[in-house]
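Accompanying notes for the structure given below.
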Amino acid sequence: MPLFMFFCGGCSGTHYVLSGISRQRILIDSVYDSQPDAKAEAFVAPYTHVVDSLMNPVVGYSGKYMIKHRPESELSDLFSDILIWGGESFHEHPDFAVYNIGGIRAAIPKGAVTVGDILDAAPFENKICFLTLKGSDVLDLFRQIAMRGGEGVSRSVNLVISKEGKLLKAEIHKKLVDPDALYRVATLDYLAQGNDDMVAFQKGTDVVSPQEKKNDVRFLIRAYFELQMKKGVVINPHIEGRIIVK
């Protein structure tokens, strides 16, 4: 018993207090290529060959370097429009589409676009989703988008927002949103659940949310690029003023 008490006393006497946190950014670039580790290179070589064979095939061509930014970017415009295009496979004809800026994780390069580029830009297993919103809920959705400083919206949408994140004007197909009308929306299942502060989506009805892996949005984007390549079309979107900040 005395021995037990001795050890317990020793443990209870040790008390650690966090005194501070520090961090630093370590840049991984070509500097590390000057002294390659031969054993490491030999180890990853077989895997690199397999990965490259899957990721390097060209699926399309881009006329410009595209990166996401708010309130509107060529890339967020493009991905939103692809959701509208994707509706055809499900016999859907959405009035508009929403693609979250946070779901775009990498830029699309100018020139040849590979499978890997698409997966970098859309790495998640989000599925395309369709739902119906009443006009009043659409206005709530657009207010939430305004508060976030903009999100990806399809060509049919025109929003005017303030620098403070207030919705000043909302049109669909050049007409003011009718609070009593019903609108069909294409988006991601992730957003349909109300994520990224777009809780208005939770009011959606008549939800069509195919969950097969083939309906991952990244595969839809790839299919769009491949189709344009077959047509000989270079993808070259422009910022159209879908979201204007005043």
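Observations, loosely collected:
- Taking the criterion of being at positive phi and in contact (Cβ under 8 Å) with a residue 24 or more places away in the chain, the only residue of the stretch 216-246 that qualifies is G241.
- Candidates L54, L83, L78: the one that is out of contact with any Leu (no Cβ under 8 Å at 6 or more places or on another chain), within 30 Å of R184 (Cα to Cα), in contact (Cβ under 8 Å) with a residue 12 or more places away in the chain and not hydroxyl-bearing (S, T, Y) is L78.
- Output for the stretch 98-119, where each listed residue is out of contact with any strand residue (DSSP E or B) (no Cβ under 7 Å at 6 or more places or on another chain) and either in a helix (DSSP H, G or I) or open to solvent by 10 Å² or more (accessible area, probe 1.4 Å) (or both): G102, R105, A106, G116, L119
- Number of positions in the stretch 149-200 that are out of contact with any Lys or Arg (no Cβ under 8 Å at 6 or more places or on another chain), open to solvent by 60 Å² or more (accessible area, probe 1.4 Å) and closer than 20 Å to L78 by Cα: 3
- Residue match in the stretch 165-181 (condition: touching a Ser or Thr at 6+ places or on another chain (Cβ under 9 Å), part of a helix (DSSP H, G or I), acidic (D, E) and at pLDDT 95 or above): no
- The set of residues from the stretch 227-246 being open to solvent by 60 Å² or more (accessible area, probe 1.4 Å) and in contact with a Gly (Cβ under 6 Å, 6 or more places away or on another chain) comprises M229, V234, N236.
- First in the stretch 120-143 and on the phi > 0 side of the Ramachandran plot and open to solvent by less than 30 Å² (accessible area, probe 1.4 Å), second anywhere and at pLDDT 95 or above and assigned to a loop (DSSP other than H, G, I, E, B), Cβ under 8 Å, 6 or more apart: none
- When I67, I82 are checked against the criterion of being among the aliphatic types (A, V, I, L, M) and either farther than 14 Å from I221 by Cβ or open to solvent by 10 Å² or more (accessible area, probe 1.4 Å) (or both), a single residue qualifies: I67.
The values are calculated or read from the model by the stated rules, or taken from the named source; none is laboratory data. Keep in mind that what you see is a predicted model, and the values were worked out from it rather than measured. Every residue, glycine among them, receives a Cβ derived from its backbone with ideal geometry; neighbour counts consider all protein chains shown. Just so you know, the surface numbers come from the protein's heavy atoms only, side chains and all, with ligands and any DNA or RNA stripped out. Shrake-Rupley method; radii C 1.70, N 1.55, O 1.52, S 1.80 Å.
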